[in-house]
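**Q** One structure is given below, represented as structure tokens, and several questions about it will come after.
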Amino acid sequence: MKKVLLTLSLGVLTAIGAFAQGDNIIRVNQVAFSPSQEKIAVVDNGGKKVTLSVRNVQTGKVVGKTRFVRVGVSPWSKKKRAIVDFSHITTPGRYALECKGYSMPIEIKQHALTALTQGAIRAFYLNRSGIAIDAQYGDEFARPLGHPDTHVMIHPSAASPGRPAGTIISSPLGWYDAGDFNKYIVNSAYSVSLMLCSYEQNRAYYDALKVRIPEEGNQTPDLLDELMFNLRWMLTMQDPYDGGVYHKLTTPNFEGMIMPTDCRQQRYVVQKSVTASYDFAACMAQAARIYKNSKDYPHFSAHAEAAALAAYHWAEQHPSAFYNQNEHNKHFEPAVNTGEYGDGNATDERFWAATELFLLTEDPFFHDAAKQVMPTQFVLPSWGNVGSLGTLDWLLCPDDELGKASRDMLLAYAKTLMAQLPASGFATPSGNSARDFGWGCLSEVFCVNGMVLLYAHRLTGDQSYLRAAQANMDYILGRNATGYCYVTGFGTKGSKDPHHRLSVADAVDHPFPGMLVGGPNPGQQDSHEAGVTYPSREPDESYVDVFQSYASNEIAINWTAALVALAGWLDAVE
């Protein structure tokens, strides 16, 4: 097991005294608050009316008290908790919330989420494939090159006349997808796009944001430099002979908890799929538009546009080319048993791709194609349902009929989130239904809902949407049923032992910082694994911080991408 290094300074911990983290009844954002934002804490005390003292750590003086707001009741366990407000404390500094022998450190500062955003972006650098991680940028996480991916084999399922089975290709760079060492187009396209969406809405913020990566100091924002590292890999995943895109680059089976240099399995690209091809087309079209005037990557946009058009054409010609791993393994060897990212409906991918190609080319053909398959309601975006990424794109065209329809759909969805707040157990717009918890819920529900609320705030100027988005972030950072800050390397009780091969296998006593874990998962699909014993069956308490728990404690690029997108946007606004 790994031990986490607390991000809170030793002096603060000494000043407020030690406490039993697992038993602390005060649940609050453990990273930082901006001076002007709403500041809420939840006290797990059976719902009794309570007042907490707010003590300045440096002076030792009590500077204020919290205001009791109401009782929050869990809709499934019926547990009662007190919700308190200390928004009137606005002076930057380090404080402690104190109540009946319990104490929790908090910090108020300008740019409250800058370090978190930088850490989450840098987590992508630390998870790069195809290069050595240098100590100058990786610190204690430096490691030698382990997966050059210059000798990748065409799997029989991916064979084409120009590239028969067994052909060796080069497909380097990109990010390791999750706790494993494989690379998947569907998830990569979704992850890159989430961060590009946040970038488009907050260009000035990201243009100024510095992250310690090898490309720092060039003329491109560091976020775009990091995304380019993955985009360059994605371009290698297209068959140059027909434009189709391989579904993933993978070993036949997952590697053990070992370092990349110890991996020995042959790596393959497998079957070209319609979903991977549409997702690739959408992501490349979006990137071609955003990088169009790049001085560091002057030829990328033209290359990406041509690749996007070729991938879209291939997908249109192969509408039934879905990746079904079970069927795949009946016909081809070696069998592949890694992440599937399977999807039997490509309508949403087609809409997203047509939308992005229209925004790039302004060709009315793509406008008509998008209109034909436009969704009729907003569905929360995920790697498996990307239609609403297209909806978000159409918000860039407010006068277009599809732009107007997208605005109406998004605001109608945002209002359903806001309706959850008055009775919410943790004063959040998400996490009020058992359905909100499951695989990757902290990203796919809390972060992405937060992004939707920020779009609503941008469209309307209504500050309540902003406060609600911040509430979801506060939940991730500690105001929740378990009391965990679910981002590695941050918080007084941060996730310290994620299902992440690099963090488990290296010689470092703490995980890569800045990664968002999946979060509470009442399915508990790993409960039969050695070392995985959940503390509760309740939906929001079904979390265990051990690396064996792939169901609740794995990391993934789409989850950390959503953290970057939400934290960066909130930091830009605050």
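The values are calculated or read from the model by the stated rules, or taken from the named source; none is laboratory data. What you see is a predicted model; the values in this text were computed from it and never measured. Neighbour counts run over all protein chains shown; Cβ positions are idealised from the backbone, glycine included. All accessible areas refer to the heavy atoms of the entire protein, side chains included, with ligands and DNA or RNA removed. Shrake-Rupley method; radii C 1.70, N 1.55, O 1.52, S 1.80 Å.
**Q** Restricting attention to the range 497-511, which residues are buried (at least 24 other Cβ atoms within 10 Å of the Cβ) and part of a loop (DSSP other than H, G, I, E, B)?
**A** Residues satisfying the conditions are PRO498, HIS500, PRO511.
**Q** Among residues belonging to the range 98-121 that are out of contact with any helix residue (DSSP H, G or I) (no Cβ under 8 Å at 6 or more places or on another chain) and assigned to a helix (DSSP H, G or I), point out the one that is nearest to GLN470 (Cα to Cα).
**A** Out of the qualifying residues, it is ALA115.
**Q** Among the helices (runs of 4 or more DSSP H) contained in the range 183-299, which hold 3 or more residues that are under 27 Å from ALA321 (Cβ atoms)? So that I can check it myself, show each step before the final result.
**A** Details: elements: 185-201, 203-208, 222-235, 274-290.
Because the criterion is at least 3 residues that are under 27 Å from ALA321 (Cβ atoms), the helices (runs of 4 or more DSSP H) in the range 183-299 that meet it are 185-201, 222-235, 274-290.
**Q** Right, another one. Restricting attention to the range 329-339, which residues are under 16 Å from LYS248 (Cβ atoms) and open to solvent by 70 Å² or more (accessible area, probe 1.4 Å)?
**A** ASN337
**Q** Looking at this structure, is GLN37 open to solvent by 70 Å² or more (accessible area, probe 1.4 Å), assigned to a loop (DSSP other than H, G, I, E, B) and at pLDDT 95 or above?
**A** For GLN37, the condition - open to solvent by 70 Å² or more (accessible area, probe 1.4 Å), assigned to a loop (DSSP other than H, G, I, E, B) and at pLDDT 95 or above - is not met.
**Q** Quick check: is even one residue across the range 120-137 buried (at least 20 other Cβ atoms within 10 Å of the Cβ) and under 30 Å from HIS318 (Cβ atoms)? First the steps, then the outcome.
**A** Taking the range 120-137 first, the residues buried (at least 20 other Cβ atoms within 10 Å of the Cβ) are 120-130, 133.
Next cut, under 30 Å from HIS318 (Cβ atoms) only: 129-130.
For the range 120-137, residues buried (at least 20 other Cβ atoms within 10 Å of the Cβ) and under 30 Å from HIS318 (Cβ atoms): present.
**Q** Shifting gears a bit: So, of the residues in the range 279-302 that are charged (D, E, K, R) and open to solvent by 40 Å² or more (accessible area, probe 1.4 Å), which turns out to be nearest to ASN385 (Cα to Cα)?
**A** Taking the candidates together, the pick is ARG289.
**Q** Does TYR95 satisfy the condition of being touching a residue at least 40 places away in the same chain (Cβ under 8 Å) and in a strand (DSSP E or B)?
**A** When the stated conditions are applied, TYR95 passes them.
**Q** Kindly provide the set of residues from the range 53-87 that are under 30 Å from PHE437 (Cβ atoms) and in a loop (DSSP other than H, G, I, E, B), ordered by number. Spell out how you get there, then give the answer.
**A** So in the range 53-87, the residues under 30 Å from PHE437 (Cβ atoms) come out as 66-87.
Residues satisfying the conditions are THR66, SER74, PRO75, TRP76, SER77, LYS78, LYS79, PHE86, SER87.
**Q** Return the pairs, sorted by first residue and then second, in which the second residue is open to solvent by 50 Å² or more (accessible area, probe 1.4 Å), the first residue lies in the range 525-540 and is part of a loop (DSSP other than H, G, I, E, B), the beta carbons are less than 7 Å apart, and the residues are 6+ apart or on different chains.
**A** Close Cβ pairs (under 7 Å, with a partner that is open to solvent by 50 Å² or more (accessible area, probe 1.4 Å)) amount to ASP526/TYR550; TYR534/SER527; GLU538/TRP76.
**Q** Please tell me if GLY101 is open to solvent by 60 Å² or more (accessible area, probe 1.4 Å) and modelled with pLDDT under 95.
**A** For GLY101, the condition - open to solvent by 60 Å² or more (accessible area, probe 1.4 Å) and modelled with pLDDT under 95 - is met.
**Q** For the range 395-403, indicate whether the set of residues that are surrounded by fewer than 24 Cβ atoms within 10 Å (Cβ to Cβ), farther than 21 Å from GLN377 by Cα and of a type outside the set (A, V, I, L, M) is non-empty.
**A** No, that holds for no residue.
**Q** In this structure, does ARG212 turn out to be free of Cβ contacts under 8 Å to residues at least 12 places away in the same chain, surrounded by fewer than 19 Cβ atoms within 10 Å (Cβ to Cβ) and not acidic (Asp, Glu)?
**A** For ARG212, the condition - free of Cβ contacts under 8 Å to residues at least 12 places away in the same chain, surrounded by fewer than 19 Cβ atoms within 10 Å (Cβ to Cβ) and not acidic (Asp, Glu) - is not met.
**Q** Return yes when GLY146 is surrounded by fewer than 21 Cβ atoms within 10 Å (Cβ to Cβ), touching a Cys at 6+ places or on another chain (Cβ under 9 Å) and farther than 29 Å from PRO381 by Cα and no when it is not.
**A** In short, yes.
**Q** Okay, moving on. Does the range 334-381 hold any residues that are part of a loop (DSSP other than H, G, I, E, B) and of a type in the set (Gly, Ala, Ser), and which are they?
**A** The answer is ALA335, GLY339, GLY342, GLY344, ALA346.
**Q** Quick one: which residue in ALA561, ALA565, ALA572 is open to solvent by 30 Å² or more (accessible area, probe 1.4 Å), of a type in the set (A, V, I, L, M, F, W, C), modelled with pLDDT of 95 or more and outside any loop (DSSP other than H, G, I, E, B)?
**A** Unique residue meeting the criteria: ALA572.
**Q** Pull up the range 531-549, narrow it to residues that are open to solvent by 30 Å² or more (accessible area, probe 1.4 Å) and within 21 Å of ASP509 (Cα to Cα), then point me to the one that is farthest from the chain's Cα centre (by Cα).
**A** For the range 531-549, the residue satisfying everything is GLY531.
**Q** Among (1) assigned to a loop (DSSP other than H, G, I, E, B); (2) closer than 30 Å to ILE40 by Cα, which single condition is SER443 missing?
**A** Tallying (1) assigned to a loop (DSSP other than H, G, I, E, B); (2) closer than 30 Å to ILE40 by Cα, SER443 fails exactly one: (1).
**Q** Please give the number of the condition ASN326 fails out of (1) in a helix (DSSP H, G or I); (2) over 21 Å from TYR190 (Cα atoms); (3) in contact with a Lys or Arg (Cβ under 9 Å, 6 or more places away or on another chain); (4) open to solvent by 30 Å² or more (accessible area, probe 1.4 Å).
**A** Going through (1) in a helix (DSSP H, G or I); (2) over 21 Å from TYR190 (Cα atoms); (3) in contact with a Lys or Arg (Cβ under 9 Å, 6 or more places away or on another chain); (4) open to solvent by 30 Å² or more (accessible area, probe 1.4 Å) one by one, ASN326 breaks only (3).
**Q** Could you identify the single residue in GLN317, GLN377 that is out of contact with any strand residue (DSSP E or B) (no Cβ under 6 Å at 6 or more places or on another chain), open to solvent by 20 Å² or more (accessible area, probe 1.4 Å) and more than 24 Å from ASP239 (Cβ to Cβ)?
**A** Result of the check over GLN317, GLN377: GLN377.
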